[in-house]
Amino acid sequence: MKTDTRLSAMLHLLLHMAGRQDPVTSEELARYMHGNPAAVRRTMAGLRGAGIVRSGKGHGGGWTLGRPLAEITLADVHAALGAPGLFAIGSRNAQPTCLVEQAVNASMQETLGEAERLVQARLRSVTLASIDADFRARMAQHPNAPKEPRHV
């Protein structure tokens, strides 16, 4: 099963945007991810709908943050992406007739439900400001850190 990397990718892009005063184009954001500008626009549209980013058209247009990093949680970004599933595992058969498989499903559902509640709570507790602080601490410890690390 393929891993959904959109949350990680969007967090990466949002933190690159945080260091900028000017709007960032989809083309530039795509270069950060070695990806496609159209895919960036499609994905960022959900974030725009949630007020996480804003967009401007034309000369000087592009993407900017819609609110401060301290007001954006990982849960906000996850929800803006359509709340993709957190786990790639699940029941083999949703409506089994076999009593053994019913017991397996019940145990799996309980376990995954508990794990999902824990992950969701953690996503709600982590802000982009805390990730940015970690990034800045890492940069301060890097002996050859570029003066402006957020640019390609």
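The values are calculated or read from the model by the stated rules, or taken from the named source; none is laboratory data. Keep in mind that what you see is a predicted model, and the values were worked out from it rather than measured. In this analysis, Cβ positions are derived from the backbone assuming ideal geometry, glycine residues included, and neighbour counts consider all displayed protein chains.
Kindly check whether there is at least one residue in the stretch 38-46 that is among the polar types (S, T, N, Q) and closer than 21 Å to residue 2 by Cβ. Spell out the reasoning first.
Pass one, the stretch 38-46, residues among the polar types (S, T, N, Q): 43.
Subsequent filtering for residues that are closer than 21 Å to residue 2 by Cβ retains 43.
Yes, that holds for at least one residue.
For (1) at pLDDT below 95; (2) surrounded by 11 or more Cβ atoms within 10 Å (Cβ to Cβ); (3) in a helix (DSSP H, G or I), each residue gets a yes or a no:
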| position | (1), (2), (3) |
| --- | --- |
| 86 | yes, yes, no |
| 89 | yes, no, no |
| 103 | no, yes, yes |
| 140 | yes, no, yes |
| 145 | yes, yes, no |
| 149 | yes, yes, no |
What are the pairs with Cβ atoms under 7 angstrom where one residue, in the stretch 82-104, is touching a residue at least 24 places away in the same chain (Cβ under 8 Å) and within 30 Å of residue 49 (Cα to Cα) and the other, located anywhere, is in a loop (DSSP other than H, G, I, E, B) and not hydroxyl-bearing (Ser, Thr, Tyr)? Sequence gap at least six, or different chains. 84/4; 88/1
Scanning the stretch 33-79 for residues that are surrounded by 15 or more Cβ atoms within 10 Å (Cβ to Cβ), touching a residue at least 40 places away in the same chain (Cβ under 8 Å) and assigned to a loop (DSSP other than H, G, I, E, B) gives 72
Pairs under 9 Å by beta carbon, first residue within 15 Å of residue 83 (Cβ to Cβ) in the stretch 108-131, partner among the β-branched types (Val, Ile, Thr) and surrounded by 12 or more Cβ atoms within 10 Å (Cβ to Cβ), six or more apart or different chains? 123/73; 123/77; 124/73
Within the stretch 1-16, can one find any residue that is assigned to a helix (DSSP H, G or I) and either basic (Lys, Arg) or over 21 Å from residue 136 (Cβ atoms) (or both)? yes
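Among 97, 43, 64, which is the only one that is under 12 Å from the mean Cα position of the chain (by Cα) and on the phi < 0 side of the Ramachandran plot? Walk me through it before giving the result.
On the way: 97 fails: under 12 Å from the mean Cα position of the chain (by Cα); 64 fails: under 12 Å from the mean Cα position of the chain (by Cα).
Answer to the selection: 43.
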Condition met for residue 122 (in a helix (DSSP H, G or I), closer than 26 Å to residue 48 by Cα and of a type in the set (D, E, K, R)): yes
